[in-house]
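What follows draws every value from the coordinates through simple rules; no lab data is involved. Model, not experiment: these values are computed from the prediction. Quick reminder, even Gly has a Cβ in these numbers, built from the backbone with ideal geometry, and neighbours come from all protein chains shown.
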Amino acid sequence: MSARNNTCIVGLTWGDEAKGKIVDILSAEHDLCVRYNGGNNAGHTVAFEGETYKLHLVPSGLFHPNVTCVIGGGLVVDPKVLLEEIANYEGAATGLRGRLLVSSRAHTIWPWHKKLEALSEKYLGKGKIGTTLRGIGPAYGDKANRVTAIRMGRFLAPHDLEQAVRQIVETKNRIFTGVFGEEPLEADAVWDEYAAYGQQLAPMIADTTAYLHEALAAGKRILFEGAQGTLLDIDHGTYPYVTSSSASAAGVWPGTGVPAREIGRILGVVKAYTTRVGEGPFPTELTGDIGSQIREQGNEYGTTTGRPRRCGWLDTFAIRYAAQVNGLDDIVITLLDVLSGLPDLRICTGYRLDGRRLEAFPACPGALAEAEPLLEDMEPWSDDITGVRKFDDLPEAAKAYVNRVEELVGAPVRIISVGPDRQQTIFRE
Ligand code: IMP
């Protein structure tokens, strides 16, 4: 079995790169689709045959009936959201319950995580992270803290779990009442609700590490699906304005138990421009009319929270950094059609700070906030490209733009998306 058959799809910027569409398409060439990080902070969109599906937890390969979907141990799972998502999509995703596995090592999100995050963000005021308020950070915090964490596998032994939940509620209530002067959580209500979720999920909970290794030994092809993007990675992103998981391809190993050497191809996804949701520095941000035009043309509003996304020029300096961190093989450019009709078009090639051109992407948020993007003018185009299916049929200016991205990032652009539907895709293999 060649590692080349296993692919990782990863976001190269701050998430929302339209990875869901690419995962859906490439799932057709794989036997398994495996999420390795994050939780329902993610919003992955898949569109085909006139329908649009928004996914938060179930891997985006779910609409392929022969694909087994795996939620890896690196995730934090909100059981309620997962059950809702399964119920919403099992009609369109044939046999989903029988081909969806949730790692017994994955961690779980509980009402105290969401409550704590809402309070924390509120009291941070201007210093907030701007999170999705899904309980992601507090759940990963408990994972690292160990004593107040609950892994998915514990739903398989509910008699032991009940006592643990009651103890955790007691501990968390001391924080809610003592620190924040808030109402405590009701242990009985929490337990009754979540025990029922656990019962429904139990048939899908498994040792997915063992399962994936069996699949590898049998020569199955695995597609790993990253959530968020490299610049939101807890270690490699623009800390502290990041998410709490390993969102780069580096997350596959801890998040699934499959060693990095099993991944043959790392496919990095970028939009034709850059967006960011939440707080944090964004050197190429466009706060004027062009930024608004991109937001409207690209419908840049969060899939999970509905928040307007901040929009800016494509930042190839940040992407080159992300390419290094991921060991990038190939690039996918999405939403190229959104650039049609912009009056100006620019691309960021580097940063200047204190009068000097930077050699490396800054690690500290202060430097990133002060960095001045070096922008190169590109030829805009006005043609509608949503119907184009061959690279050669794109306007010359659009081709030049794609070629310039390849030069600046140092990797080939293999796939170009020119609309949300599966069909609106250009392959350059
Ligand atoms: P959290 O993941 O909810 O803790 O949010 C931390 C930061 O990551 C915030 O800036 C969020 O807006 C951002 N974030 C989290 N998930 C996504 C995503 O799927 N797409 C884009 N940004 C995200």
(request) Output the peptides 294-305, 114-125, 263-274 sorted from most to least packed, where packing is the average of other Cβ atoms within 10 Å over each peptide's residues. (result) 263-274, 294-305, 114-125
(request) Mind giving me the FRET efficiency for Glu372 and Arg428? R0 is 35 Å, r the Cβ-Cβ distance, nearest 0.05 is fine. (result) 0.60
(message) Give me the extension gain from Arg166 to Thr94: residue separation times 0.36 nm, minus the current Cα-Cα distance, reported in nm with one decimal.
(response) 22.1 nm
(request) Take every DSSP beta bridge with both residues inside the range 270-427 and express the antiparallel ones as a percent of the total, to the nearest 5. (result) 70 percent
(message) Give me Lys172, Lys220 sorted ascending by neighbouring Cβ count inside 10 Å, so fewest comes first.
(response) Lys220, Lys172
(request) For Lys271, list long-range residues whose amide hydrogen, built 1.01 Å from N in the peptide plane, is under 5 Å from its own amide hydrogen. (result) Thr334
(request) Given the peptides 154-162, 14-22, 105-113, arrange them by the average over their residues of other C-beta atoms within 10 Å, most packed first. (result) 14-22, 105-113, 154-162
(message) I want to verify the translational diffusion coefficient of the range 107-201 in µm²/s; compute it with Stokes-Einstein, Rh as the Kirkwood radius over Cα pairs, at 4 °C and 1.567 mPa s.
(response) 93 µm²/s
(message) Looking at the chain only, what percent of DSSP beta bridges run antiparallel? Nearest 5 please.
(response) 40 percent
(request) Name the lysines eligible as straight-distance cross-link partners of Lys122: C-alpha to C-alpha under 16 Å, and not fewer than 8 places from it in the same chain. (result) Lys114
(request) Compute the length gained on full extension between Asp392 and Gln199: take 0.36 nm times their separation in residues and subtract their Cα-Cα distance, giving the result in nm to one decimal. (result) 64.1 nm
(message) For a quick size check, give me the Cα extents of the range 10-57 along its three principal axes, largest first, whole Å.
(response) 28, 24, 19
(request) Please give the helix 111-124 orientation as an angle from the longest Cα principal axis of the chain, in degrees from 0 to 90, rounded to the nearest 10. (result) 50 degrees
(request) Provide the FRET efficiency to the nearest 0.05 for the Lys54-Ser292 pair, computing r from the beta carbons and using R0 = 22 Å. (result) 0.40
(message) If I fit a long axis through the Cα atoms of helix 396-409 and take the longest principal axis of the Cα atoms of the chain, what angle between them do I get, 0 to 90°, rounded to 10?
(response) 60 degrees
(request) Can you put Ile416, Ile290, Ile205 in order of Cβ neighbours within 10 angstrom, beginning with the fewest? (result) Ile290, Ile205, Ile416
(message) With the crude spin-label approximation of a point 7 Å out along Cα→Cβ, what separation in nm comes out for Glu84 versus Lys220?
(response) 2.9 nm
(message) Classify the range 252-388 from the C-alpha gyration tensor, please: rounded if a/c falls under 1.5, else prolate or oblate depending on whether a/b exceeds b/c.
(response) oblate
(message) Using only DSSP helix segments of four residues or longer, with each worth -39500 (n - 2.57), what per-residue ellipticity at 222 nm results for the chain after dividing by its residue count and rounding to 500?
(response) -9000 deg cm²/dmol
(message) One quarter of the convex hull surface, Cα atoms only: what value does that give for the chain in nm²?
(response) 20.4 nm²
(request) Would you kindly calculate the mean projected area, averaged across all directions, of the convex hull enclosing the Cα atoms of the range 1-153, in square nanometres? (result) 10.6 nm²
